[in-house]
Amino acid sequence: MSKANSDASPRKASPRKAPMALTEALVARTMRVVEDAGPTPGMVHMLDADYARFRDEILAGAPPGPLKLFAYGSLLWKPVGEVRGGERAVARGWHRSFCFTVKRFRGTPEQPGLMMALDRGGQCQGMVFEIAEPVADNLEALLRREMTILPAVNVPRWLRVSTESGKGRALGFVVDPANPRYAGKLDKAAVAATLARAVGHWGSGAQYLFETIRHLDACGIRDRNLWQLQELVAQEIGRADAIV
């Protein structure tokens, strides 16, 4: 051992991250069986021709090379279609936000839920994947998962992203603030109250938050706002149990 090394003071251990307050046990308390009531009455649901139109418009505007997807939420842990690779990326000018309401999937007409999209402002760390061949088929499968109603609230858009390998464009889903289902910039307490109570046939809002944080953490990404939100959701679930 060199003198420089032997004289060096020992490194301080990195502080351990505190575990999530929102645990699997708490999430389990929010879960129940909810039958899918089907398409929401009065809504205009997308047809095959609509998906084909969006798919073709995206492909026509795609940059050269492999088609990249920016994943920031459930696409990290519940992908659709086939993707390859995975590289950490930052989309500037956007942030992940529980900003639109749903009366299906993770909510019901009686207790609407909230889902995430990219909203204007700030920046968002996520992952960039390549959409695998056959690109058109995998892209359409993605659109069918992310979009169901016209006008769409969760709109596909080419985002400028930065990775260790450089800058480029990747497809992401951003909220349309003109859409009636856009909830706006809600305070965290209001979001937490909804996520702690809303559940649909896909699962609960608390589960959605828990899995997103867990998979972001596995990618080495820590979203401060989501971590603050999970503490509030855990508190809400505890209060609801105390009332019962």
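The values are calculated or read from the model by the stated rules, or taken from the named source; none is laboratory data. Everything numeric in this text was worked out from a predicted model, so none of it was measured. In this analysis, Cβ positions are derived from the backbone assuming ideal geometry, glycine residues included, and neighbour counts consider all displayed protein chains. For accessibility, only protein heavy atoms count, side chains too; no ligands or nucleic acids. Shrake-Rupley method; radii C 1.70, N 1.55, O 1.52, S 1.80 Å.
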(message) Counting other C-beta atoms within 10 Å, and keeping those with at most 16, which DSSP coil GluC sites (Glu not before Pro) do you find in segment 52-127?
(response) Glu82, Glu110
(request) May I ask you to give the solvent-accessible area per residue for segment 101-156, in square angstrom, as obtained with a 1.4 angstrom probe? (result) 38 Å²
(request) State to the nearest 20 debye the size of the charge dipole of the chain about its Cα centre, where the only charges are +1 on K and R beta carbons and -1 on D and E beta carbons. (result) 940 debye
(request) Tell me what the chain gives for mean residue ellipticity at 222 nm when only DSSP H runs of n ≥ 4 count, each as -39,500 (n - 2.57), the sum divided by the residue total, rounded to 500 deg cm²/dmol. (result) -10000 deg cm²/dmol
(request) Provide the three semi-axes, in whole Å and in decreasing order, of the ellipsoid equivalent to segment 34-127 as defined by the square roots of 5 times the Cα gyration tensor eigenvalues. (result) 27, 20, 14
(request) In whole Hz, with x marking every Gly and Pro, tabulate ³J(HN,Hα) for segment 54-60 from phi via Karplus 6.51 cos²θ - 1.76 cosθ + 1.60, θ = phi - 60°. (result) 4, 4, 5, 5, 5, 5, 5
(request) Note the direction-averaged projected area, equal to a quarter of the hull surface, for the Cα convex hull of the chain, in nm². (result) 17.6 nm²
(request) Leaving ligands, DNA and RNA out of it, report the carbon-plus-sulfur percent of the accessible area of the chain at a 1.4 Å probe. (result) 53 percent
(message) Excluding same-chain pairs closer than 8 in sequence, count the lysine pairs in the chain whose Cα atoms lie under 27 Å apart.
(response) 11
(request) Let me know the charge dipole size of segment 117-194 about its Cα centre in debye, to the nearest 20, where only the beta-carbon of Lys, Arg (+1) and Asp, Glu (-1) is charged. (result) 340 debye
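So what is the relative contact order for the chain, in percent, with contacts set as C-alpha pairs under 8 Å and at least six apart?
Contact order relative to length: 26 percent.
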